[in-house]
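The values are calculated or read from the model by the stated rules, or taken from the named source; none is laboratory data. The shown structure was predicted, so the numbers you read here are calculated from the model rather than taken from an experiment. Because the Cβ atoms are built from the backbone with ideal geometry, glycine has one as well, and the counts that use them run over all protein chains shown.
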Amino acid sequence: MKLWAGRIQTDTDSRVNDFNASLAFDARLYREDIEGSMAHAAMLGARGIISQVDTDAILAGLEGILRDLEDGKDILDPDAEDIHMAVEALLTQRVGDPGRRLHTARSRNDQVALDMRLYVKKEIQTLHGLALAFQKTLTDKAEVHLDTVMPGYTHLQRAQPITLAHHLMAYAEMLRRDVTRLEDCHRRMDLCPLGAGALAGTTYPVDRADTAARLGFVGVVPNSLDAVSDRDFCLELLADLSILMVHLSRLAEEIILWCSWEFGFADLDDAYATGSSIMPQKKNPDVAELARGKTGRVFGDLTALLTVMKGLPLAYNKDMQEDKEAVFDALDTVKTALTVFTPMVETLTFKSDRMRRAAAEGFLNATDCADYLVKKGLPFREAYGVVGRLVHTCIAQGNTLETLSLEEFQSACPLFAPDVYPALALDACVRARKADGGPAPEAVRAHIEQIRVFAAARALWQASL
Ligand code: ARG
């Protein structure tokens with residue numbers, strides 16, 4: 001017998017039940033659903049909307065259900081439509097009449113909106129912690145590679161010398177944005193939808209602020225229609241996770257490149273690499289590749305939910321049940337990706353000699369050579385031309401700028417003097433880039449300190465929730 005039997009007279013077609021049901025995926029909301037019901041019941045009792053005796057019976061019943069579910073007991077009716085129906089039916093089965101009073105002044109529409117908010121809020125905390133942990137790994141790794149010179153690229157062509165620390169800290173900075181984006185999402189969604197009812201609020205003298213406070217929200221959603229039809233917080237989360245995955249996939253791509261024989265800049269720990277079933281020599285970066293690939297899933301989840309929400313009339317529509325699998329899939333994907341990425345990067349070893357050699361070839365000091373002439377008084381555009389011609393000669397001769405004789409330098413431009421040689425040395429080129437944000441070890445060290453201060457403050461945010 002369906003809960004709604006009355007208006008609907010015949011049994012639902014079993015194919016409709018299968019199509020309609022969400023228990024298979026929303027059962028994971030059981031904790032939030034029960035906690036939400038407990039807060040709602042407590043408020044109903046406190047306001048005298050239901051009796052204290054009924055309230056106590058409901059609370060005890062819900063506590064028992066929660067305990068059993070936490071213990072892994074298989075107590076949910078698999079034929080229930082969704083987690084809300086399943087818990088309510090179970091409660092009534094266990095405590096009788098009081099269970100039938102729980103849904104007073106409530107609808108599944110505000111209930112599901114609540115469950116999702118509670119769930120997402122909790123998941124944001126977990127993600128926030130994982131993102132900070134990954135950022136710490138990047139920062140710690142950077143600290144030991146402040147002097148590890150490597151080529152910096154544009155267009156994947158060697159461009160100017162940087163350090164590995166500088167490169168890794170670029171990712172730490174991306175993670176800073178990810179962490180604060182998650183906080184923003186949390187802050188904006190921290191309002192309780194309960195009391196919105198199906199869409200038009202309720203005639204009962206509820207105390208929305210009381211329910212909200214019991215559940216740890218800072219306030220209530222101010223409009224009942226919006227409360228039940230809003231899934232911005234899911235979209236925002238998915239957008240934040242998509243951007244985070246962009247970052248992971250870019251690093252994944254670089255790790256894949258760095259571990260190739262062609263680059264040979266890095267070596268994965270064996271525990272984070274895979275072999276081939278046929279080629280005995282292979283050591284494959286599957287983890288990085290999968291993270292790169294799973295980025296597509298997360299974008300798909302965002303695109304799916306954006307498409308579901310687009311053009312929906314107010315207020316609740318069943319389409320919105322589709323929010324769950326998208327959100328759950330993205331959360332699961334990003335959590336596992338971060339969980340495996342952190343130790344993979346932590347155990348990644350870098351071949352400093354190969355990086356240095358790569359930085360020594362490819363005329364990465366050409367800009368520095370032009371800058372040298374600028375410091376001697378030549379306009380930059382002219383200096384650029386002089387060095388361009390020198391590079392052209394070097395390529396033809398198969399040598400590098402610093403191997404040119406002083407006569408060769410001076411015939412290109414009389415401003416060249418013996419001090420050009422130390423100016424072109426790789427380490428000098430890196431050390432000279434000491435403006436804020438640059439690759440000079442002192443500049444990167446300052447950035448590392450800044451990120452550590454940030455991380456400590458953000459860990460406090462989490463503890464304050
Ligand atoms: N399972 C539904 C969902 O996830 C719960 C809300 C159902 N509300 C309704 N009026 N049918 O969206």
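You will find that of 314, 306, the residue that is in contact (Cβ under 8 Å) with a residue 12 or more places away in the chain, within 16 Å of the ligand (Cβ to nearest atom) and surrounded by fewer than 17 Cβ atoms within 10 Å (Cβ to Cβ) is 314 and no other.
Here residue 134 meets each of (1) within 16 Å of the ligand (Cβ to nearest atom); (2) assigned to a helix (DSSP H, G or I); (3) crowded, with 22+ Cβ neighbours inside 10 Å; (4) not aliphatic (A, V, I, L, M) with one exception, condition (1). Say we look at segment 200-220 and pick out the residues that are surrounded by fewer than 17 Cβ atoms within 10 Å (Cβ to Cβ) and of a type in the set (A, V, I, L, M, F, W, C); which of these is nearest to the ligand (Cβ to nearest atom)? Going through the qualifying residues, I end up with 200. For segment 93-114, the set of residues classified as among the charged types (D, E, K, R) and either crowded, with 21+ Cβ neighbours inside 10 Å or in contact (Cβ under 8 Å) with a residue 24 or more places away in the chain (or both) consists of 94, 97, 101, 106, 108, 110, listed by residue number.
Whenever a residue of segment 178-207 is within 20 Å of residue 42 (Cβ to Cβ), its partners that are outside any helix (DSSP H, G or I) and of a type in the set (Ser, Thr, Tyr), lying with C-beta atoms within less than 7 angstrom and at least six residues away or across chains, give the pairs 195/202; 197/107; 204/104.
You will find that of 362, 296, the residue that is assigned to a helix (DSSP H, G or I) and of a type in the set (Gly, Ala, Ser) is 296 and no other. Contact map, segment 319-340: first residue under 29 Å from residue 20 (Cβ atoms) and near the ligand (Cβ under 9 Å from one of its atoms), second residue part of a helix (DSSP H, G or I) and at pLDDT 95 or above, Cβ cut-off under 6 Å, separation 6 or more or different chains; pairs are 319/308; 322/308; 323/234; 323/305; 324/25; 324/26. Of all positions in segment 270-282, at least one carries a residue that is surrounded by fewer than 18 Cβ atoms within 10 Å (Cβ to Cβ) and either within 16 Å of the ligand (Cβ to nearest atom) or in contact (Cβ under 8 Å) with a residue 40 or more places away in the chain (or both). What are the residues in segment 141-156 that are touching a residue at least 40 places away in the same chain (Cβ under 8 Å) and either farther than 17 Å from residue 352 by Cβ or assigned to a helix (DSSP H, G or I) (or both), if any? Within segment 141-156, 141, 142, 143 meet the criteria.
Between 443, 396, 463, 423, the distinction of being assigned to a helix (DSSP H, G or I), closer than 30 Å to residue 125 by Cβ and out of contact with any Pro (no Cβ under 7 Å at 6 or more places or on another chain) belongs to 463 only.
From 106, 117, grab the single residue that is part of a loop (DSSP other than H, G, I, E, B), within 30 Å of residue 184 (Cα to Cα) and within 16 Å of the ligand (Cβ to nearest atom). Give the steps one after another, and end with the answer.
On the way: 117 fails: part of a loop (DSSP other than H, G, I, E, B).
106 is the lone residue from the list that is part of a loop (DSSP other than H, G, I, E, B), within 30 Å of residue 184 (Cα to Cα) and within 16 Å of the ligand (Cβ to nearest atom).
The one condition from (1) over 18 Å from the mean Cα position of the chain (by Cα); (2) part of a helix (DSSP H, G or I); (3) farther than 23 Å from residue 192 by Cβ; (4) away from the ligand (no atom under 16 Å from the Cβ) that residue 159 does not meet is (2). Restricting attention to segment 388-400 and to residues that are touching an Asp or Glu at 6+ places or on another chain (Cβ under 9 Å) and crowded, with 17+ Cβ neighbours inside 10 Å, the residue that is farthest from residue 165 (Cα to Cα) turns out to be 390. Restricting the first member to segment 403-426 and to residues that are under 21 Å from residue 160 (Cα atoms) and modelled with pLDDT of 95 or more, and the second to residues that are surrounded by fewer than 14 Cβ atoms within 10 Å (Cβ to Cβ) and of a type outside the set (A, V, I, L, M, F, W, C), no beta-carbon pair is closer than 7 Å while six or more apart or on different chains. Listed by first and then second residue, the pairs with beta-carbon distance under 8 Å, at least 6 apart or on different chains, first residue in segment 66-81 and away from the ligand (no atom under 16 Å from the Cβ) and part of a helix (DSSP H, G or I), second among the β-branched types (Val, Ile, Thr) and modelled with pLDDT of 95 or more, are 66/34; 68/75; 69/34; 69/75.
Restricting attention to segment 47-65, the residues that are assigned to a loop (DSSP other than H, G, I, E, B) and either among the β-branched types (Val, Ile, Thr) or within 16 Å of the ligand (Cβ to nearest atom) (or both) add up to 2.
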